[in-house]
Amino acid sequence: MNITKNIHEWLFSLMPETTASIVQMALIAVVYLGIFAVAGLYLVLLERRVAAWFQLRLGPNRVGYQGLMQTLADAIKLVSKELTGTIKADKFLYNLAPYFVIVSALMALSLFPFSKEFQAFDINIGIFFLIAISSIGVIGILLAGWSSNNKFSMIGAMRSGVQTISYELSVGLSLLTMVLMTGTLQLSEIVEFQKNGWLIVQGHIPAIIAFCIYMIAGTAETNRAPFDLVEAESELGAGFHTEYSGMKFAYFFLAEFINMFIISAIATTIFFGGYLSPFGITESIPVLGVFWFLAKTLVIIFLMMWFRWTFPRLRIDQLLVLEWKYLLPLNLLNLMLMALIVLFKLTIHF
């Protein structure tokens with residue numbers, strides 16, 4: 001983009017190379033923090049609207065036009081609330097836990113190619129890096145549950161550990177199925193590979209199976225209903241963040257919605273052509289690329305919200321049986337099937 005190129009040249013003309021690089025990285029971080037905050041607030045509002053629609057009620061409609069300022073009002077409320085905690089909590093780990101969750105989500109966000117020119121961090125091990133970074137978030141949940149010195153928090157944290165470790169296998173294998181087809185882990189190259197057609201179409205039935213498994217496992221990884229045993233209100237109060245208040249609670253709350261965006265953005269990038277137009281037109285205007293990327297991602301986010309307000313919560317034994325007895329074996333068979341398709345060059349090209 002010309003704007004970024006001009007800023008880059010301007011910074012390097014004003015200060016030494018090392019200082020200019022640090023300032024440039026700081027500016028990129030500020031931009032992504034802004035995206036993080038705005039996306040989180042909007043998704044909270046969208047969740048409430050979708051829930052109201054499914055339950056035949058209005059949802060937020062008082063603060064601002066059509067309730068658009070409701071989540072901003074909630075954010076101000078959370079910022080202004082007192083930060084309380086338990087006397088027996090491990091203070092250092094208790095305060096550290098929310099930052100694990102929020103930083104891992106922010107780091108994952110930096111990898112996505114929102115358009116051909118709008119990508120902060122493009123590396124040749126993009127998918128591997130995404131899977132590794134997303135695994136760090138569960139450390140924050142485990143720390144929060146253990147350090148709170150609360151039995152309900154601890155049960156929630158243990159459930160989260162079991163759930164995330166289990167379903168991460170299915171997420172990884174479903175993505176590996178598509179990596180076999182593209183031959184690269186780099187997200188920008190995977191998008192470019194789809195100029196002849198989205199991978200969900202090029203990859204035949206294995207790609208559709210991989211997408212279905214990915215959506216189920218991805219929903220479980222974000223601890224959302226029907227896999228929300230980590231926070232099960234009827235059993236655990238609020239689960240691992242029972243003892244958190246104010247902005248620290250908001251970090252966990254916000255991270256859940258950003259993780260939902262990340263899961264949907266990965267699906268958009270890997271299966272649905274990322275920022276490419278669905279009409280087979282290569283967009284030369286970066287804004288249009290961003291539009292298509294966000295539009296596809298929002299459709300998948302809506303699908304995840306549909307899951308939440310449609311299916312009842314699973315029991316912990318049902319959750320583990322679903323992964324280890326059904327999804328994992330199916331994923332392994334699907335991976336072998338995709339390998340055969342790639343070996344015999346059976347992919348579709350338009």
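The values are calculated or read from the model by the stated rules, or taken from the named source; none is laboratory data. Quick caveat: nothing in here was measured; it's all calculated off a predicted structure. Don't worry about glycine lacking a Cβ; one is built from the backbone with ideal geometry, like all the others, and counts go over all protein chains shown. Quick note on the areas: whole protein, heavy atoms, side chains included, nothing else; ligands and nucleic acids left out. Shrake-Rupley method; radii C 1.70, N 1.55, O 1.52, S 1.80 Å.
Numbers for the structure displayed
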read-out: Options Ala75, Ala89; residue that is assigned to a loop (DSSP other than H, G, I, E, B) and aliphatic (A, V, I, L, M); value: Ala89
read-out: Any hit, the range 256-274, residues being open to solvent by 20 Å² or more (accessible area, probe 1.4 Å), free of Cβ contacts under 8 Å to residues at least 60 places away in the same chain and under 20 Å from Ser160 (Cβ atoms); value: yes
read-out: Residue in the range 68-84 that is under 26 Å from Leu176 (Cα atoms), surrounded by 14 or more Cβ atoms within 10 Å (Cβ to Cβ) and among the β-branched types (Val, Ile, Thr) present; value: no
read-out: Lone qualifier among Leu229, Leu185, Leu175 - being touching a helix residue (DSSP H, G or I) at 6+ places or on another chain (Cβ under 7 Å) and open to solvent by 50 Å² or more (accessible area, probe 1.4 Å); value: Leu185
read-out: Hits in the range 95-118 - residues which are open to solvent by less than 10 Å² (accessible area, probe 1.4 Å) and either over 15 Å from the mean Cα position of the chain (by Cα) or without any contact (Cβ under 8 Å) to a residue 24 or more places away in the chain (or both); value: Ala97, Pro98, Ser115
read-out: Some residue of the range 12-19 being open to solvent by less than 40 Å² (accessible area, probe 1.4 Å) and either modelled with pLDDT of 85 or more or in a helix (DSSP H, G or I) (or both); value: no
read-out: Every pair of residues 6+ apart whose Cβ atoms lie under 6 Å, when the first sits in the range 71-84 and is under 14 Å from Phe253 (Cβ atoms) while the second is outside any loop (DSSP other than H, G, I, E, B) and open to solvent by less than 100 Å² (accessible area, probe 1.4 Å); value: Thr71/Leu41; Thr71/Val44; Thr71/Leu45; Leu78/Gly246; Leu78/Met247; Leu78/Ala250; Val79/Met247; Lys81/Gly246
read-out: Condition met for Ala29 (part of a helix (DSSP H, G or I), aliphatic (A, V, I, L, M), over 17 Å from the mean Cα position of the chain (by Cα) and more than 18 Å from Val101 (Cα to Cα)); value: no
read-out: Residue check, Arg48 basic (Lys, Arg), open to solvent by 70 Å² or more (accessible area, probe 1.4 Å) and assigned to a loop (DSSP other than H, G, I, E, B); value: no
read-out: Any pair with Cβ under 9 angstrom, 6 or more apart, that starts in the range 196-220 at a residue that is in contact (Cβ under 8 Å) with a residue 24 or more places away in the chain and ends at one that is in a helix (DSSP H, G or I) and of a type in the set (Lys, Arg); value: Thr219/Arg308
read-out: Hits in the range 209-253 (condition: more than 19 Å from the chain's Cα centre (by Cα) and either among the hydroxyl-bearing types (Ser, Thr, Tyr) or at pLDDT 80 or above (or both)); value: Ile209, Ser234, Phe240, His241, Thr242, Glu243, Tyr244, Ser245, Gly246, Met247, Lys248
read-out: Residues located in the range 189-204, provided they are out of contact with any Gly (no Cβ under 6 Å at 6 or more places or on another chain) and not in a helix (DSSP H, G or I); value: Gly197, Gly203
read-out: Subset tally (residues that are of a type in the set (S, T, N, Q) and surrounded by fewer than 22 Cβ atoms within 10 Å (Cβ to Cβ)) for the range 201-226; value: 1
read-out: The one condition in (1) out of contact with any Phe, Trp or Tyr (no Cβ under 9 Å at 6 or more places or on another chain); (2) part of a helix (DSSP H, G or I); (3) over 25 Å from Asn331 (Cβ atoms) that Asp122 fails to fulfil; value: (2)
read-out: Pairs with Cβ under 6 Å, 6+ apart, first in the range 314-326 and surrounded by 13 or more Cβ atoms within 10 Å (Cβ to Cβ), second of a type in the set (Phe, Trp, Tyr) and assigned to a helix (DSSP H, G or I); value: Glu323/Tyr167
read-out: Positions within the range 53-65 being under 17 Å from Leu298 (Cβ atoms) and either open to solvent by 90 Å² or more (accessible area, probe 1.4 Å) or out of contact with any Phe, Trp or Tyr (no Cβ under 9 Å at 6 or more places or on another chain) (or both), in sequence order; value: Trp53
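Table: residues versus (1) closer than 20 Å to Leu199 by Cβ; (2) in a helix (DSSP H, G or I); (3) free of Cβ contacts under 8 Å to residues at least 60 places away in the same chain.
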residue	(1), (2), (3)
Lys296	yes, yes, yes
Phe311	no, no, no
Pro329	no, yes, yes
Val342	yes, yes, no
Lys345	yes, no, yes
